[in-house]
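For reference, the structure is listed below as C-alpha coordinates.
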Amino acid sequence: MKKGLDREPQDDRPLRILVWDAPVRLFHWALVALLVVSYFTGRAGGDWMKFHFWSGYAILTLLLFRICWGVVGSTTARFVDFVKGPAAVFAHLADLLGSGRPREAGHNPAGGAMVVILIFSVLLQVVAGLFAADTDLGLVSGPLAHLIADKWVDRATALHHFWVDVLLVLVGLHVLAVSVYLLWKRQNLIGAMFTGRKPIDDVVEPGKAAPKLAFAPAKLALSILIACAAVVYFIIRVGS
(Lines give C-alpha, C1' and ligand atoms only; values in the text may rest on other atoms or scores of the structure.)
Protein backbone atom coordinates (compact mmCIF):
# COMPACT_ATOMS: atom_id res chain seq x y z
CA MET A 1 0.00 0.00 0.00
CA LYS A 2 1.34 3.40 -0.96
CA LYS A 3 2.39 5.69 1.84
CA GLY A 4 -0.18 8.36 2.61
CA LEU A 5 -3.17 6.23 1.58
CA ASP A 6 -5.59 5.17 4.28
CA ARG A 7 -6.08 1.48 4.77
CA GLU A 8 -9.64 0.30 4.15
CA PRO A 9 -11.36 -0.45 7.48
CA GLN A 10 -11.61 -4.13 8.13
CA ASP A 11 -15.10 -5.54 8.66
CA ASP A 12 -14.66 -8.42 11.08
CA ARG A 13 -18.39 -8.96 11.60
CA PRO A 14 -19.85 -12.42 10.92
CA LEU A 15 -21.55 -12.88 7.56
CA ARG A 16 -24.66 -14.21 9.26
CA ILE A 17 -25.94 -13.74 12.79
CA LEU A 18 -28.14 -15.96 14.93
CA VAL A 19 -31.38 -14.08 15.66
CA TRP A 20 -34.04 -16.76 16.24
CA ASP A 21 -33.66 -19.42 18.91
CA ALA A 22 -34.82 -23.00 18.38
CA PRO A 23 -37.99 -22.67 20.52
CA VAL A 24 -39.30 -19.79 18.38
CA ARG A 25 -38.54 -21.62 15.14
CA LEU A 26 -40.07 -24.88 16.32
CA PHE A 27 -43.14 -23.02 17.56
CA HIS A 28 -43.57 -21.29 14.23
CA TRP A 29 -43.40 -24.35 12.00
CA ALA A 30 -45.29 -26.62 14.40
CA LEU A 31 -48.10 -24.05 14.51
CA VAL A 32 -48.17 -23.88 10.71
CA ALA A 33 -48.47 -27.67 10.46
CA LEU A 34 -51.14 -27.91 13.16
CA LEU A 35 -53.23 -25.14 11.62
CA VAL A 36 -53.24 -27.04 8.34
CA VAL A 37 -54.30 -30.21 10.15
CA SER A 38 -57.01 -28.39 12.07
CA TYR A 39 -58.40 -26.74 8.96
CA PHE A 40 -58.70 -29.85 6.83
CA THR A 41 -59.85 -32.19 9.61
CA GLY A 42 -62.48 -29.64 10.61
CA ARG A 43 -63.77 -29.51 7.06
CA ALA A 44 -63.77 -33.30 6.77
CA GLY A 45 -65.74 -33.89 9.99
CA GLY A 46 -66.77 -37.39 11.04
CA ASP A 47 -63.98 -39.55 12.38
CA TRP A 48 -61.48 -36.86 11.47
CA MET A 49 -62.80 -34.70 14.29
CA LYS A 50 -60.74 -36.54 16.89
CA PHE A 51 -57.64 -35.33 15.07
CA HIS A 52 -59.20 -31.88 14.90
CA PHE A 53 -59.54 -31.86 18.69
CA TRP A 54 -56.04 -33.13 19.31
CA SER A 55 -54.53 -30.59 16.94
CA GLY A 56 -56.53 -27.90 18.73
CA TYR A 57 -55.17 -28.99 22.11
CA ALA A 58 -51.64 -28.97 20.69
CA ILE A 59 -52.19 -25.49 19.25
CA LEU A 60 -53.43 -24.22 22.61
CA THR A 61 -50.32 -25.66 24.28
CA LEU A 62 -48.07 -23.93 21.75
CA LEU A 63 -49.87 -20.60 22.11
CA LEU A 64 -49.59 -20.65 25.90
CA PHE A 65 -45.92 -21.50 25.53
CA ARG A 66 -45.32 -18.66 23.05
CA ILE A 67 -47.02 -16.14 25.33
CA CYS A 68 -44.80 -17.24 28.23
CA TRP A 69 -41.73 -17.29 25.99
CA GLY A 70 -42.60 -13.78 24.89
CA VAL A 71 -42.04 -12.69 28.49
CA VAL A 72 -39.05 -14.75 29.67
CA GLY A 73 -37.50 -16.04 26.44
CA SER A 74 -34.62 -14.89 24.26
CA THR A 75 -34.17 -11.25 23.24
CA THR A 76 -35.88 -11.46 19.86
CA ALA A 77 -38.67 -13.66 21.24
CA ARG A 78 -39.79 -11.14 23.85
CA PHE A 79 -42.78 -8.92 23.20
CA VAL A 80 -40.91 -5.90 24.56
CA ASP A 81 -38.43 -6.34 21.72
CA PHE A 82 -40.93 -6.08 18.87
CA VAL A 83 -44.20 -4.61 20.14
CA LYS A 84 -43.59 -0.94 19.35
CA GLY A 85 -46.99 0.70 18.94
CA PRO A 86 -48.84 2.28 15.98
CA ALA A 87 -46.37 5.14 15.41
CA ALA A 88 -43.44 2.75 14.95
CA VAL A 89 -45.53 0.51 12.69
CA PHE A 90 -46.46 3.37 10.35
CA ALA A 91 -42.90 4.68 10.37
CA HIS A 92 -41.64 1.25 9.36
CA LEU A 93 -44.21 0.96 6.58
CA ALA A 94 -43.10 4.36 5.27
CA ASP A 95 -39.49 3.17 5.24
CA LEU A 96 -40.55 -0.04 3.54
CA LEU A 97 -42.15 1.89 0.67
CA GLY A 98 -38.93 3.81 0.13
CA SER A 99 -35.66 2.65 -1.37
CA GLY A 100 -34.06 1.88 1.97
CA ARG A 101 -33.38 -1.54 3.41
CA PRO A 102 -35.20 -2.37 6.66
CA ARG A 103 -32.83 -3.75 9.26
CA GLU A 104 -33.97 -5.54 12.42
CA ALA A 105 -32.53 -8.44 14.32
CA GLY A 106 -35.96 -9.83 15.16
CA HIS A 107 -39.44 -8.80 14.07
CA ASN A 108 -39.85 -5.35 12.62
CA PRO A 109 -42.64 -3.21 14.17
CA ALA A 110 -45.19 -4.19 11.51
CA GLY A 111 -44.25 -7.84 11.68
CA GLY A 112 -44.36 -7.73 15.45
CA ALA A 113 -47.88 -6.34 15.37
CA MET A 114 -48.91 -9.13 13.00
CA VAL A 115 -47.36 -11.74 15.31
CA VAL A 116 -49.41 -10.48 18.26
CA ILE A 117 -52.59 -10.33 16.18
CA LEU A 118 -52.06 -13.86 14.87
CA ILE A 119 -51.29 -15.33 18.29
CA PHE A 120 -54.39 -13.92 19.93
CA SER A 121 -56.60 -14.53 16.89
CA VAL A 122 -55.67 -18.20 16.85
CA LEU A 123 -56.11 -18.29 20.64
CA LEU A 124 -59.63 -16.91 20.24
CA GLN A 125 -60.41 -19.59 17.68
CA VAL A 126 -59.17 -22.36 19.97
CA VAL A 127 -61.02 -21.05 23.02
CA ALA A 128 -64.23 -20.79 20.99
CA GLY A 129 -63.70 -24.41 19.93
CA LEU A 130 -63.49 -25.53 23.55
CA PHE A 131 -67.07 -24.32 24.09
CA ALA A 132 -68.50 -25.07 20.64
CA ALA A 133 -70.83 -27.88 19.58
CA ASP A 134 -71.70 -28.86 16.03
CA THR A 135 -74.25 -31.43 14.92
CA ASP A 136 -73.27 -30.90 11.26
CA LEU A 137 -69.90 -32.53 11.92
CA GLY A 138 -71.18 -35.61 13.69
CA LEU A 139 -72.58 -34.53 17.08
CA VAL A 140 -69.24 -33.26 18.34
CA SER A 141 -68.72 -30.73 21.09
CA GLY A 142 -65.81 -29.07 22.78
CA PRO A 143 -64.75 -30.37 26.20
CA LEU A 144 -66.15 -27.32 27.99
CA ALA A 145 -69.41 -26.94 26.06
CA HIS A 146 -71.50 -28.54 28.80
CA LEU A 147 -70.31 -25.96 31.33
CA ILE A 148 -72.15 -23.02 29.76
CA ALA A 149 -75.72 -22.27 28.68
CA ASP A 150 -76.91 -23.42 25.26
CA LYS A 151 -77.13 -19.87 23.92
CA TRP A 152 -73.45 -19.34 24.67
CA VAL A 153 -72.59 -22.66 23.07
CA ASP A 154 -74.40 -21.49 19.93
CA ARG A 155 -72.46 -18.23 19.96
CA ALA A 156 -69.15 -20.00 20.48
CA THR A 157 -69.98 -22.36 17.62
CA ALA A 158 -70.90 -19.50 15.30
CA LEU A 159 -67.68 -17.67 16.21
CA HIS A 160 -65.62 -20.82 15.68
CA HIS A 161 -67.02 -21.17 12.16
CA PHE A 162 -66.80 -17.49 11.25
CA TRP A 163 -63.31 -16.92 12.67
CA VAL A 164 -61.80 -19.47 10.29
CA ASP A 165 -62.26 -16.98 7.45
CA VAL A 166 -60.69 -14.21 9.52
CA LEU A 167 -57.64 -16.41 10.18
CA LEU A 168 -57.34 -17.23 6.47
CA VAL A 169 -57.23 -13.50 5.69
CA LEU A 170 -54.61 -12.89 8.38
CA VAL A 171 -52.47 -15.79 7.18
CA GLY A 172 -52.78 -14.48 3.62
CA LEU A 173 -51.58 -11.04 4.73
CA HIS A 174 -48.68 -12.64 6.58
CA VAL A 175 -47.61 -14.62 3.52
CA LEU A 176 -47.98 -11.51 1.33
CA ALA A 177 -45.78 -9.47 3.65
CA VAL A 178 -43.07 -12.13 3.69
CA SER A 179 -43.24 -12.30 -0.12
CA VAL A 180 -42.84 -8.51 -0.37
CA TYR A 181 -39.69 -8.67 1.72
CA LEU A 182 -38.31 -11.51 -0.38
CA LEU A 183 -39.10 -10.16 -3.84
CA TRP A 184 -38.78 -6.41 -3.25
CA LYS A 185 -36.26 -5.99 -0.46
CA ARG A 186 -34.38 -9.25 -1.13
CA GLN A 187 -34.67 -10.32 2.50
CA ASN A 188 -35.41 -14.00 3.02
CA LEU A 189 -37.42 -14.03 6.24
CA ILE A 190 -38.64 -17.57 5.57
CA GLY A 191 -35.12 -18.95 5.39
CA ALA A 192 -34.19 -17.13 8.59
CA MET A 193 -37.08 -18.82 10.38
CA PHE A 194 -35.64 -22.20 9.31
CA THR A 195 -31.97 -21.59 10.06
CA GLY A 196 -32.35 -18.97 12.78
CA ARG A 197 -29.77 -16.77 11.06
CA LYS A 198 -29.94 -13.56 9.04
CA PRO A 199 -27.26 -11.93 6.89
CA ILE A 200 -25.58 -9.29 8.99
CA ASP A 201 -26.47 -6.59 6.46
CA ASP A 202 -30.16 -7.41 7.02
CA VAL A 203 -29.69 -6.66 10.71
CA VAL A 204 -27.47 -3.57 10.94
CA GLU A 205 -25.98 -1.06 8.52
CA PRO A 206 -22.57 -1.88 6.99
CA GLY A 207 -19.70 -1.04 9.29
CA LYS A 208 -21.77 -1.19 12.47
CA ALA A 209 -21.27 -3.86 15.10
CA ALA A 210 -23.62 -6.82 15.34
CA PRO A 211 -26.18 -6.49 18.14
CA LYS A 212 -25.66 -8.46 21.31
CA LEU A 213 -28.59 -10.83 21.75
CA ALA A 214 -29.28 -12.99 24.79
CA PHE A 215 -30.64 -16.49 24.28
CA ALA A 216 -32.60 -18.25 27.01
CA PRO A 217 -31.65 -21.87 27.79
CA ALA A 218 -33.45 -24.74 26.07
CA LYS A 219 -34.18 -26.33 29.48
CA LEU A 220 -36.29 -23.31 30.38
CA ALA A 221 -38.24 -23.62 27.13
CA LEU A 222 -38.86 -27.33 27.73
CA SER A 223 -40.02 -26.68 31.30
CA ILE A 224 -42.47 -24.01 30.13
CA LEU A 225 -43.78 -26.27 27.37
CA ILE A 226 -44.41 -29.10 29.83
CA ALA A 227 -46.18 -26.72 32.21
CA CYS A 228 -48.37 -25.41 29.37
CA ALA A 229 -49.22 -28.97 28.30
CA ALA A 230 -50.24 -29.71 31.89
CA VAL A 231 -52.54 -26.68 31.89
CA VAL A 232 -54.21 -27.85 28.68
CA TYR A 233 -54.56 -31.36 30.08
CA PHE A 234 -56.23 -29.91 33.17
CA ILE A 235 -58.66 -27.96 30.95
CA ILE A 236 -59.59 -31.14 29.09
CA ARG A 237 -60.05 -33.04 32.35
CA VAL A 238 -62.34 -30.33 33.69
CA GLY A 239 -64.63 -30.97 30.78
CA SER A 240 -64.59 -34.75 31.03
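The values are calculated or read from the model by the stated rules, or taken from the named source; none is laboratory data. In this text the structure is predicted, and so the values were computed from the model without any measurement. When we count neighbours, we look across all protein chains shown, and the Cβ atoms used for this are built from the backbone with ideal geometry, even at glycine.
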Condition (residue is at pLDDT 95 or above and touching an Asp or Glu at 6+ places or on another chain (Cβ under 9 Å)) applied to segment 223-237: is it met by at least one residue? no
Any residue in segment 97-117 that is modelled with pLDDT of 90 or more sitting within a Cβ distance under 8 Å of a residue that is part of a loop (DSSP other than H, G, I, E, B) and exposed (fewer than 13 other Cβ atoms within 10 Å of the Cβ)? List the pairs, counting only those 6 or more apart or interchain. Pro109/Gly85
Met49 versus (1) modelled with pLDDT of 95 or more; (2) surrounded by 17 or more Cβ atoms within 10 Å (Cβ to Cβ): which is the lone unmet condition? (1)
Count - residues of segment 135-155 that are over 17 Å from Ile236 (Cβ atoms), outside any helix (DSSP H, G or I) and either in contact (Cβ under 8 Å) with a residue 60 or more places away in the chain or of a type in the set (Ser, Thr, Tyr) (or both): 1
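This table checks each residue for (1) under 24 Å from Tyr39 (Cα atoms); (2) aliphatic (A, V, I, L, M).
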site	(1), (2)
Ser141	yes, no
Lys151	no, no
Trp163	yes, no
Gly172	yes, no
Ile200	no, yes
Pro206	no, no
Ala210	no, yes
Phe215	no, no
For segment 108-130, name all the residues that are touching a Pro at 6+ places or on another chain (Cβ under 9 Å) and under 21 Å from Ser55 (Cα atoms). Leu130
Across (1) surrounded by fewer than 18 Cβ atoms within 10 Å (Cβ to Cβ); (2) touching a helix residue (DSSP H, G or I) at 6+ places or on another chain (Cβ under 6 Å), Gln187 clears everything bar (1)
Within segment 76-120, work out how many residues are under 25 Å from Ala229 (Cβ atoms) and not hydrophobic (A, V, I, L, M, F, W, C). 2
Can you tell which of Lys208, Lys219 is charged (D, E, K, R) and assigned to a helix (DSSP H, G or I)? Lys219
Subset tally (residues that are more than 15 Å from the chain's Cα centre (by Cα), surrounded by 19 or more Cβ atoms within 10 Å (Cβ to Cβ) and not in a helix (DSSP H, G or I)) for segment 77-129: 2
